[in-house]
Every structure is written in structure tokens, then in C-alpha cells.
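What follows is one structure encoded as C-alpha cells, with my remarks underneath.
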Amino acid sequence: MRLLIDKDTTMRHLLTLEDWTKEQIAEAIAAARAIKADPGAYADILRRKTLCMIFEKPSLRTRLSFEAGMNQMGGHAIYYDTSTSPLGAGKETIADTVRTMCRYVDIIMARLFKHEDILEMARHATVPVINALTNFSHPGQILADLQTIEEHKGRLAGLKLAYFGDSFNNVTHSLLFACPKMGLHLSVACPPGEAYEPDPRAFAAARADAERNGVTFQVTHDAAAAARDADVVYTDSWMSYHIPKDQAEERAALFAPYRVTADLMRQAKPDAIFLNCLPAVRGMEQTADVIDGPQSVVFDEAENRMHMHKALMLILLREAGTISG
Ligand code: CP
Ligand code: NVA
């Protein structure tokens, strides 16, 4: 599987966090925090600019935070559901769809099944493309998560993040691309097997970044060991949008040892925070007392999606020369 776009493109996109440097990630976090602190200062900055939002999968947070964010900055967002498109009907290629779209809009975000498809979009796009989740990665989510962690902990470098559950997973892969790069120690606890462990490419990137930055990185099948002394405890759905529903029972049994419970939280530092990108199922990937308890920051995390999406649109549109400043 090809997971990276050809490097000869001049347009900057957000496709995976593997493509972004530590400095670019830090710039996005700083920009999101600045926008959050003074949203009025950005009220007209994207006046008359248009975002196209392509969706093959459901969404609450991503759709609303992009749309509200664009509205707050004076621009307009178009929701484009592929099920009612020539693309979805098999009547038009990705290349022709994107080449047409770029004649109308200033920036595109897409939530797709196949990661190769977002690479194909970016290959043909003359405007910036933001990956709003593919089966392989969810970069905008993890940027907002890093913002949330920095806000609550005052820093990123030197913290330990422990992730539990499904790890052949877009959120996990993006954590692997970002955490060791930003100087966080990372422990991933999941069942054995290539269907549940991180993709080898993301694993290799995390290992290389961890060595480079002198932080630890492990994938373990021992949940308690992963949680020990963690500053951040993170979990994600066991039933990602693309997982067939008939696997629910089997996966619930398989992932049960990786459920984030109050007992597991006690292995982490007493001031550890709990994150879940949402949507969440109480009693599955975490218990209700954890997600609804005092250590949970899941709604700050959800809110930060909007500040981060605003920052990403500004950064990419500035680099594309669409806006100045
Ligand atoms: N976390 C996240 O991407 O949520 P939605 O699926 O609701 O967009
Ligand atoms: N891993 C989840 C993330 C949802 C935001 C999924 O792909 O459905």
C-alpha cells in the first residue's frame, strides 16, 4: 500500500503527521491556541473563501467543527456527501472530481475509507487537502489532542501517553507519527495479531523518532504495564466506522482486557488526564466512571477540534498564497 504522496508536490496538505515536521506541528498547536484565546481577531480572515467537505463516512465533531470554524472566520463550507455524488455512483474518477472542485473552492477536507484515495485527491488538487480521517490516519484529531494535552499539562516533551485498545487504527497511527516526534513517551497496549497491532510503517516511524528524541516507545499486550506512570490515558472506539458490525461481539471480547477502567487509571499518575476522540461507548473502550469522571477532558478535546481546524485552514491557505499575512 502506498501511504505517502509523491514528494514532488509543491502544495502543502495535511495527509498524515508523518509528512509534518516537529516545527510544523508545534506551529499548528500555537496557532490553534492563539485563535482559541482571541477568536474575534480572526473573524473576517477567510471572508469569501470556500471549504469543500467531502464525506464518505459519518461525523459529528469533524463536520460541525470545520463548518462552524469556517463560518466564524467569515468563510463558507459546503458539505459534499459522496453517496449523492458522481464519484460515489462510480460515474466519475477522483482525479476529475478534484480537478473540477478546485475550480470552485479554496480548500478541501475529506473523510474517506481508503487512505490511497486521499493521496490521489492531493495528487490532483491545486488547493490544500486536509485528511479528516481515513482508515489509516486521523491527523487533525491528534493535533487537537496535542493542543489539549499541552493546555492541561503545560508541555508535551517528557510526558507519557498510554493508548489502549484497537491499535491497527487511524488514531493510533497518528499518535505513533506524532508523539515520539514531539518528545512524548508512548506505550500502546493491544491484543496480539496484525489486525490489532499498529501498521508496520507507523511502528517504524515511531521507533525511529523515539530513538532520535531519547523517549521510550513500546507496543505491549500488558495493559497495566502500559498505564504505569502515564500522564495521558487515551482510548478509541473498538468499532471504527469502517469495521463491519458483525464483528462487534468478537471484538468486544478481544479488547475487554484493554478497557480503561478506574483500576487501570490508578496505574497512571494521580493527575493523569483521560482522552477519547469520541464517539465513545460507555462499558466498552472505557467505563462510564472514567469518561464522566474528573480526569476526563474529552469535551475540551472535542472543542479543540474547531480551534485546530481553523488554525490548519489558515496555515495551509497562507502557504498556498490564497490569503496573505
Ligand atoms: N473524533 C471525530 O473525528 O469525531 P466524528 O467522527 O464525530 O467527526
Ligand atoms: N477510529 C475511529 C475514530 C472516530 C473518530 C474511526 O475510524 O471510526
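The values are calculated or read from the model by the stated rules, or taken from the named source; none is laboratory data. Keep in mind it's a predicted model, so treat the numbers as computed, not measured. Methodologically, a virtual Cβ is constructed for each residue, glycine included, from the backbone with ideal geometry; neighbour enumeration extends over all protein chains shown. Surface areas here come from the heavy atoms of the whole protein model, side chains and all, with no ligands, DNA or RNA. Shrake-Rupley method; radii C 1.70, N 1.55, O 1.52, S 1.80 Å.
Tally the residues that are touching a residue at least 12 places away in the same chain (Cβ under 8 Å) and either of a type in the set (Ser, Thr, Tyr) or within 15 Å of residue 229 (Cβ to Cβ) (or both), restricting the search to segment 253-270. Steps first, please.
Of all residues in segment 253-270, those touching a residue at least 12 places away in the same chain (Cβ under 8 Å) come to 254-255, 257-262, 264-265, 267-269.
Cutting the leftovers down to either of a type in the set (Ser, Thr, Tyr) or within 15 Å of residue 229 (Cβ to Cβ) (or both) gives us 258, 261, 264-265, 267-269.
Within segment 253-270, residues that are touching a residue at least 12 places away in the same chain (Cβ under 8 Å) and either of a type in the set (Ser, Thr, Tyr) or within 15 Å of residue 229 (Cβ to Cβ) (or both) number 7.
Per the listing 128, 139, the residue uniquely within 23 Å of residue 299 (Cβ to Cβ) and touching a residue at least 60 places away in the same chain (Cβ under 8 Å) is 139. Just so you know, in segment 228-251 the residues that are within 17 Å of residue 276 (Cα to Cα) and aliphatic (A, V, I, L, M) include one that is surrounded by the fewest Cβ atoms within 10 Å (Cβ to Cβ), and it is 239. Note on segment 52-105: residues that are away from ligand 1 (no atom under 16 Å from the Cβ) and not in a helix (DSSP H, G or I) amount to 19. What about residue 175, is it under 17 Å from residue 17 (Cα atoms), among the hydrophobic types (A, V, I, L, M, F, W, C) and within 14 Å of ligand 2 (Cβ to nearest atom)? For residue 175, the condition - under 17 Å from residue 17 (Cα atoms), among the hydrophobic types (A, V, I, L, M, F, W, C) and within 14 Å of ligand 2 (Cβ to nearest atom) - is met. Note on segment 285-302: residues that are in contact with a helix residue (DSSP H, G or I) (Cβ under 8 Å, 6 or more places away or on another chain) and open to solvent by 70 Å² or more (accessible area, probe 1.4 Å) amount to 1.
Does at least one position in segment 106-118 carry a residue that is out of contact with any helix residue (DSSP H, G or I) (no Cβ under 6 Å at 6 or more places or on another chain), part of a helix (DSSP H, G or I) and farther than 24 Å from residue 61 by Cα? No, because not a single residue in segment 106-118 is out of contact with any helix residue (DSSP H, G or I) (no Cβ under 6 Å at 6 or more places or on another chain), part of a helix (DSSP H, G or I) and farther than 24 Å from residue 61 by Cα.
Okay, residues lined up against (1) under 22 Å from residue 146 (Cβ atoms); (2) at pLDDT 95 or above; (3) among the charged types (D, E, K, R):
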| residue | (1), (2), (3) |
| --- | --- |
| 226 | yes, yes, no |
| 235 | yes, yes, no |
| 240 | yes, yes, no |
| 246 | no, yes, yes |
| 252 | no, yes, no |
| 259 | no, yes, yes |
| 266 | no, yes, yes |
| 271 | yes, yes, yes |
| 274 | yes, yes, no |
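Using the structure shown, decide if residue 88 is over 20 Å from residue 242 (Cβ atoms) and open to solvent by 10 Å² or more (accessible area, probe 1.4 Å). Criteria not met by residue 88. Here residue 209 fulfils each of the conditions (1) within 16 Å of ligand 2 (Cβ to nearest atom); (2) charged (D, E, K, R); (3) surrounded by 16 or more Cβ atoms within 10 Å (Cβ to Cβ) apart from (1).
Within the bounds of segment 256-263, is there any residue that is closer than 20 Å to residue 162 by Cβ and surrounded by 21 or more Cβ atoms within 10 Å (Cβ to Cβ)? Show your work before the answer.
Of all residues in segment 256-263, those closer than 20 Å to residue 162 by Cβ come to 256-263.
Among the residues that remain, those that are also surrounded by 21 or more Cβ atoms within 10 Å (Cβ to Cβ) are: 258, 260.
Yes, there is a match, as at least one residue in segment 256-263 is closer than 20 Å to residue 162 by Cβ and surrounded by 21 or more Cβ atoms within 10 Å (Cβ to Cβ).
Of all residues in segment 149-198, exactly one satisfies the criterion of being open to solvent by 10 Å² or more (accessible area, probe 1.4 Å), in a helix (DSSP H, G or I) and not charged (D, E, K, R), namely 152. Restricting the first member to segment 53-68 and to residues that are in contact (Cβ under 8 Å) with a residue 12 or more places away in the chain and under 17 Å from residue 143 (Cβ atoms), and the second to residues that are among the basic types (Lys, Arg) and not in a strand (DSSP E or B), the beta-carbon pairs closer than 7 Å and six or more apart or on different chains are 61/305; 62/305; 65/305. Only one of the numbered conditions (1) touching a residue at least 60 places away in the same chain (Cβ under 8 Å); (2) assigned to a loop (DSSP other than H, G, I, E, B); (3) open to solvent by 10 Å² or more (accessible area, probe 1.4 Å) is violated by residue 27, and that is (2). Here residue 71 fulfils each of the conditions (1) surrounded by 19 or more Cβ atoms within 10 Å (Cβ to Cβ); (2) without any contact (Cβ under 8 Å) to a residue 24 or more places away in the chain apart from (1). Among the residues making up segment 38-65, those that are exposed (fewer than 12 other Cβ atoms within 10 Å of the Cβ) and within 16 Å of ligand 2 (Cβ to nearest atom) are 58, 60.
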